[in-house]
Amino acid sequence: SSQAARAARRRRIMAKKDKAEGKTKKAAKKEAKAARKAEKQARKRSKKLAPKEIRTGKGASPLEVGTALVEMFNKGQFGEIEEMFWSPKVVSIEGVGVSMAWKGRKAVEAKNAGWLETHTIHSASAEGPFVGATGFAVKFKMDVEDTAAGKRESMDEVGVYRVKNGKIVEEEFMY
């Protein structure tokens, strides 16, 4: 092969150079071996530092899931989003002030049901998605009334979602 021919040619050139410099064959072999070892280590380091391709598995991509989530949210299809896109092992993380995580679909459904029992959503909209390699983010605006406290407020929050195999495996809300 041409690679073998180049290696042989390189050895011949090095042998001539070594002879001209007065090196013994043994010293030249030792030097060549050290050079090959250094090259191999450099290639290994280079591979470790090289970027790796990121995949989210089979199914819908983060762009597809994010686009559908925003469209469905803006139509008020909140339950359908959960049904269509949540993984059975979904993790939901609430931001500052709550700073807690719910693990598993049943726990997340219970969290949402508890919140909806004490809140009325008068209007809601979603903006995005803002897509990354493993997921997406959505900016939410909601006009919400805390029925227990009798207080109505405008809420802005960002939801950051991680997607695997076409399903949302993690959501984190920041406000």
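Does Val131 count as in contact (Cβ under 8 Å) with a residue 60 or more places away in the chain and farther than 22 Å from Trp102 by Cα? Yes.
For segment 63-86, does any single residue satisfy the condition of being within 16 Å of Tyr161 (Cα to Cα), part of a loop (DSSP other than H, G, I, E, B) and of a type in the set (Gly, Ala, Ser)? Working first, answer last.
So in segment 63-86, the residues within 16 Å of Tyr161 (Cα to Cα) come out as 63-73, 78, 81-86.
Filter once more, keeping what is part of a loop (DSSP other than H, G, I, E, B): none.
Looking for residues that are within 16 Å of Tyr161 (Cα to Cα), part of a loop (DSSP other than H, G, I, E, B) and of a type in the set (Gly, Ala, Ser), one finds none in segment 63-86, hence no.
Pull up segment 68-93, narrow it to residues that are open to solvent by 30 Å² or more (accessible area, probe 1.4 Å) and among the hydrophobic types (A, V, I, L, M, F, W, C), then point me to the one that is modelled with the lowest pLDDT.
Step one: of segment 68-93, the residues open to solvent by 30 Å² or more (accessible area, probe 1.4 Å) are 71, 74-80, 82-84, 88-89, 93.
Subset that is among the hydrophobic types (A, V, I, L, M, F, W, C): 78, 84, 93.
Working: Phe78: 90, Met84: 96, Ile93: 98.
Ranking the candidates gives Phe78 first.
Selection of first residues in segment 51-75 that are without any contact (Cβ under 8 Å) to a residue 24 or more places away in the chain and of second residues that are open to solvent by 80 Å² or more (accessible area, probe 1.4 Å), restricted to Cβ pairs under 8 Å at least 6 apart or on distinct chains, gives the following pairs, ordered by first then second residue: Ala68/Met84; Met72/Glu80; Met72/Met84. Do we have any residue at all in segment 91-104 that's aliphatic (A, V, I, L, M), out of contact with any strand residue (DSSP E or B) (no Cβ under 9 Å at 6 or more places or on another chain) and under 25 Å from Asp143 (Cβ atoms)? The answer is no, given that none of the residues of segment 91-104 is aliphatic (A, V, I, L, M), out of contact with any strand residue (DSSP E or B) (no Cβ under 9 Å at 6 or more places or on another chain) and under 25 Å from Asp143 (Cβ atoms). Checked against (1) open to solvent by 50 Å² or more (accessible area, probe 1.4 Å); (2) under 25 Å from the mean Cα position of the chain (by Cα), Ser123 meets all criteria but (2). Of everything in segment 1-45 that is modelled with pLDDT of 70 or more and of a type in the set (Asp, Glu), the residue that is surrounded by the fewest Cβ atoms within 10 Å (Cβ to Cβ) is Glu39.
Residues are listed down the side, and each one gets a yes or a no for (1) within 22 Å of Ala68 (Cβ to Cβ); (2) open to solvent by 40 Å² or more (accessible area, probe 1.4 Å); (3) touching a residue at least 12 places away in the same chain (Cβ under 8 Å); (4) within 25 Å of the chain's Cα centre (by Cα):
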residue: Trp102; (1), (2), (3), (4): no, yes, no, yes
residue: Gly114; (1), (2), (3), (4): no, no, no, no
residue: Phe140; (1), (2), (3), (4): yes, no, yes, yes
residue: Ala148; (1), (2), (3), (4): no, yes, yes, no
residue: Ser154; (1), (2), (3), (4): no, yes, yes, no
residue: Glu157; (1), (2), (3), (4): yes, no, yes, yes
residue: Lys167; (1), (2), (3), (4): yes, yes, yes, yes
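The values are calculated or read from the model by the stated rules, or taken from the named source; none is laboratory data. The shown structure was predicted, so the numbers you read here are calculated from the model rather than taken from an experiment. In this analysis, Cβ positions are derived from the backbone assuming ideal geometry, glycine residues included, and neighbour counts consider all displayed protein chains. Accessible surface is based on the protein model in full, side chains and every heavy atom, while ligands, DNA and RNA are left aside. Shrake-Rupley method; radii C 1.70, N 1.55, O 1.52, S 1.80 Å.
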